[in-house]
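Please read the structure below before turning to the comments.
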Ligand SMILES: Nc1ncnc2c1ncn2[C@@H]1O[C@H](COP(=O)(O)OP(=O)(O)O)[C@@H](O)[C@H]1O
Ligand SMILES: [Mg+2]
């Protein structure tokens, strides 16, 4: 179940916003896409999921599980998305429907892909809420998103992404919108869920400190290009590009601030 991205290029309004990106996610690997804001991380994720804006021209190759995803018809792509590849976005509020209970939203993901009935979907929603360690699962499924904290909402979004047991999870800055302490909790949760399921992971962040907590390999992006890639340990100890060196300086600053917060 590997993902191979080759020479991926996305052009929007004549701009090459993703410019020949290549990387591989071997089966069960945890790979990070890291770079400053605007470097092309989210568009790379959206290209993999077939969710690019309609005015985007995509070329190159994205082979998932032996199957070419670039140019795949919408129906076929919709089957891959959610069922085989799950996605968690930065802002849980946008992923959730404000007027549906969280249980129905988690259950909907199961119903669409597995065709189970309403009652079974509710049971599954409770089980999934427990899996992401939401408190009091059998009651929280009847609540609405606004009745939950930000961290709890992100747990719901993760439960929706994982409900169909995808083989690959793409998490696009899943902790960026959360308070520092909640960030650490969500990161720990994601790591254990990915470990337990043996899933592959593409984790997107601008923070090398965060990435070192969850990924083993990093792909550094700048202006839609891969600047450097390698094991996280190498990026941390011997970064070769000024971009990675800058990310490392920012990460170290974050760690220091974190220690001050804790004291
Ligand atoms: N829908 C869009 N239309 C036009 N330009 C876009 C669109 N989405 C993103 N871009 C541009 O593409 C570049 C990369 O965006 P993105 O992948 O979202 O960056 P990142 O996730 O690394 O912050 C940015 O310069 C951004 O302004
Ligand atoms: Mg982004």
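Just so you know, all these numbers are worked out from the coordinates, no wet-lab data involved. For clarity, every value in this text was computed on a predicted model and none was experimentally measured. Neighbour counts run over all protein chains shown; Cβ positions are idealised from the backbone, glycine included.
Quick look at the values:
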item: Highest-MSF residue in the chain out of 249, 73, 133 [GNM, Cα springs under 10 Å]; result: 73
item: Sites residue 223 and residue 196, calculated FRET efficiency, Cβ-Cβ separation with R0 41 Å, nearest 0.05; result: 0.65
item: Percent RCO, i.e. relative contact order, over region 175-243, from Cα pairs under 8 Å lying at least 6 residues apart; result: 19 percent
item: Estimated distance in nm for a label pair at residue 51 and residue 245, the labels positioned 7 Å out from Cα along Cα-to-Cβ; result: 3.6 nm
item: FRET E, pair residue 70, residue 146, Förster distance 35 Å, beta-carbon r, rounded to 0.05; result: 0.35
item: Distance (nanometres) between label positions extended 7 Å along Cα→Cβ at residue 22 and residue 238; result: 2.3 nm
item: Top of 139, 206, 113 by mean-square fluctuation, Gaussian network on the chain, Cα under 10 Å; result: 139
item: Hull volume in cubic angstrom per residue (convex hull over the Cα atoms of the chain); result: 127 Å³
item: Of 56, 161, 129, the one that fluctuates the most in a GNM where the chain has Cα springs shorter than 10 Å; result: 56
item: Net lengthening on full extension, residue 179/residue 120 (0.36 nm per residue, minus Cα-Cα); result: 17.8 nm
item: Kirkwood Rh, Cα atoms: Rg over Rh of region 98-165; result: 0.92
